[in-house]
1. Hey, among 198, 165, which residue is at pLDDT 75 or above and not hydrophobic (A, V, I, L, M, F, W, C)?
2. When you go through (1) closer than 30 Å to residue 29 by Cα; (2) loosely packed, with under 15 Cβ neighbours inside 10 Å; (3) at pLDDT 85 or above; (4) of a type in the set (A, V, I, L, M) one by one for residue 185, which number turns out not to apply?
3. Please name all residue pairs, on different chains or six or more residues apart, with Cβ atoms under 7 Å, provided the first residue is in the stretch 203-231 and is over 23 Å from residue 67 (Cα atoms) and the second residue is among the hydroxyl-bearing types (Ser, Thr, Tyr) and at pLDDT 85 or above.
4. Among the residues of the stretch 195-228 satisfying the criterion of being β-branched (Val, Ile, Thr) and assigned to a helix (DSSP H, G or I), which is farthest from the chain's Cα centre (by Cα)?
5. Determine, yes or no, whether residue 98 is buried (at least 17 other Cβ atoms within 10 Å of the Cβ), at pLDDT 85 or above and of a type in the set (Gly, Ala, Ser).
6. Just to check your reading of the model, which residue among 112, 80 is modelled with pLDDT under 80 and at negative phi?
7. Name every residue in the stretch 65-77 that is modelled with pLDDT of 85 or more and either within 17 Å of the chain's Cα centre (by Cα) or assigned to a helix (DSSP H, G or I) (or both), in order of residue number.
Amino acid sequence: MFEIFSSPDAWVALLTLTFLEIVLGIDNIVFISITANKLPKAQQKKATNLGLLLAMVQRIILLFLVSYLVGLKEAFYHVETSWISFGISGQAIILFAGGLFLLYKSTSEIHEKIDRPQEEEENAKKKAINSLSKAIVQIIVIDFIFSIDSILTAVGMTNGIGSKPQDALILMIIAVVISILIMMVFANKIREFIHEHPSMQLLALSFLILIGFMLITEAAHLSEAVVFNQEIGAIPKGYLYFAIAFSLLVEFLNLRMKKNSTTIAKHKDLKEEIKQ
């Protein structure tokens, strides 16, 4: 069952996917916190933990559903023209539509976070909640909306990994469970870190653009698409992992450099105060 973990690619995919699930889940944590804060203090922690547990269950169910649809590889319709030919299958439709959705969602999210960073939170704060059950219902609805890009990201990162169809599903479920458990334990600290370093969330949204494009090309490749007598090839996932790892390394170095610059500036100010 767990033979997939003998592959280095599986471990890289699991670590990368867990990181993306956590970062992409920050908005979900913010909304859950806003919703829970409207309840009496005694119920706030219960609502937050229960909301995240329900989020985990809901995402696992969605993973089974999407994985089943992606498993429909047999083409049910073929398109043949003078310049393009391809076969349409359930797998191709899900991957292609998912890629387009990720491209749209990531670019719109980047636009909103740069131009209207407080708008979504303010809209959520305006909705009144007076019972735990209402809070849980709202959390489930919110999580379903935020789960779509998370699930499609998981499919894009793990599609084709492992020798068995269930291998990718196992990886996705483990990544979702780990990320939700980490968010339950460190929700406040994670939220504070992302608030102090918003570039991390923008970086994750940029990764979604890469994954969305990869899903579209994957759909074309699996459909055996030929455009102007040129076959559409698959993008090796190693390129994606390298791009993500390199970007994260640069970002962490940048954060370290900013921290060092701030420390040096404080020392200089302290020395000047002592001299005076």
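1. Of 198, 165, the one residue that is at pLDDT 75 or above and not hydrophobic (A, V, I, L, M, F, W, C) is 198.
2. Condition (3) is where residue 185 drops out.
3. Close Cβ pairs (under 7 Å, with a partner that is among the hydroxyl-bearing types (Ser, Thr, Tyr) and at pLDDT 85 or above) amount to 203/247; 226/85.
4. Filtering first and then ranking leaves 217.
5. So residue 98 does not fit the description; no.
6. On the way: 80 fails: modelled with pLDDT under 80.
Residue meeting the stated conditions: 112.
7. none
Residues are listed down the side, and each one gets a yes or a no for (1) aromatic (Phe, Trp, Tyr); (2) at pLDDT 75 or above:
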site	(1), (2)
2	yes, no
5	yes, no
26	no, no
35	no, no
40	no, yes
44	no, no
47	no, yes
51	no, yes
54	no, yes
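The values are calculated or read from the model by the stated rules, or taken from the named source; none is laboratory data. Just so it is clear, the structure is predicted and the values come from calculations on it, not from any experiment. Note: ideal-geometry Cβ built from the backbone for every residue, glycine included; neighbour counts use all protein chains shown.
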